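Every number in this text was worked out from the coordinates using simple rules, so none of it is lab data. A quick note: this is a predicted structure, and the numbers were derived from the prediction, not measured. Neighbour counts are summed over all protein chains in view; Cβ atoms, including those assigned to glycine, are modelled from backbone coordinates with ideal geometry.
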Amino acid sequence: RWLRQASFLKSVPEPKGLPADFGAEVAFAGRSNAGKSSALNTISGINQLARVSKTPGRTQHLVVFQLPGERRLIDLPGYGYAKVPPALREAWGRAITEYFETRNSLRALIIAMDIRHPLTDFDLMMLDFAGLRGLPVRILLTKADKLGRGAGGNTLQAVRKALSDQAERISVQLFSATAPTGVDEARAYVAEAMA
Ligand code: GDP
């Protein structure tokens with residue numbers, strides 16, 4: 001229930017601008033256009049929640065949404081923008097690794113991957129960053145409505161298989177904001193991670 005009470009707190013260019021490191025938080029990551037904002041909106045049940053992350057000039061920010069009981073959702077900057085200049089991309093890598101390395105209250109990472117192109121180089125890099133501290137990860141194979149049930153199920157199995165050596169830490173599910181599919185499952189994961 002508390003998951004439905006998310007509200008925008010602040011948007012910060014660097015991890016050091018985040019609120020005090022106590023309580024519990026779950027971060028959302030994904031290639032730009034993977035469906036991360038739609039997933040955040042759907043999971044929190046609040047339309048337009050993640051809209052602020054798309055404000056020009058803030059696409060490289062970490063956006064903090066507050067939940068009751070010192071819990072937070074963190075919308076990490078989308079990655080994989082072809083347009084992003086190398087210096088900014090480097091800054092992105094530094095910000096993410098610093099955040100993962102130093103943030104005690106971080107409990108889990110949600111990675112949105114378009115079910116039609118999962119496990120891109122950027123996704124694998126993100127998984128490596130998370131692996132450095134043994135952070136639990138839930139992969140959402142988004143836009144599952146774009147594939148038939150058979151094809152969706154096959155992709156799910158293929159992604160699970162590719163990560164099977166880390167199956168205790170990295171879990172994978174189908175997700176669609178429009179169908180909707182897998183919303184309760186994703187909510188349960190997020191809530192459990194911050195219980
Ligand atoms: P973000 O850049 O990762 O935050 O992605 P968005 O959530 O903004 O979604 C990118 C595009 O994919 C938008 O045009 C969305 O309408 C579309 N999209 C997002 N989720 C779904 C979904 O579950 N199904 C379908 N068919 N389209 C989706």
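What the table shows:
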{"read-out": "Cut-off under 5 Å, modelled amide H: who pairs with A112 long-range", "value": "A29, G30, L140"}
{"read-out": "Range of Cα positions in the range 2-193 per principal axis (Å), largest first", "value": "44, 38, 32"}
{"read-out": "Estimated distance in nm for a label pair at T178 and S7, the labels positioned 7 Å out from Cα along Cα-to-Cβ", "value": "3.2 nm"}
{"read-out": "Top of A34, A167, A177 by mean-square fluctuation, Gaussian network on the chain, Cα under 10 Å", "value": "A167"}
{"read-out": "The range 2-193: relative contact order as a whole-number percent, Cα under 8 Å and 6+ apart", "value": "24 percent"}
{"read-out": "Order of R71, R94 - criterion: other Cβ atoms within 10 Å of each residue's Cβ, fewest first", "value": "R94, R71"}
{"read-out": "Gap separating the Cα centres of the range 164-182 and the range 1-47, nearest whole Å", "value": "18 Å"}
{"read-out": "Ascending count of other beta-carbon atoms within 10 Å, so fewest first, for T181, T42", "value": "T181, T42"}
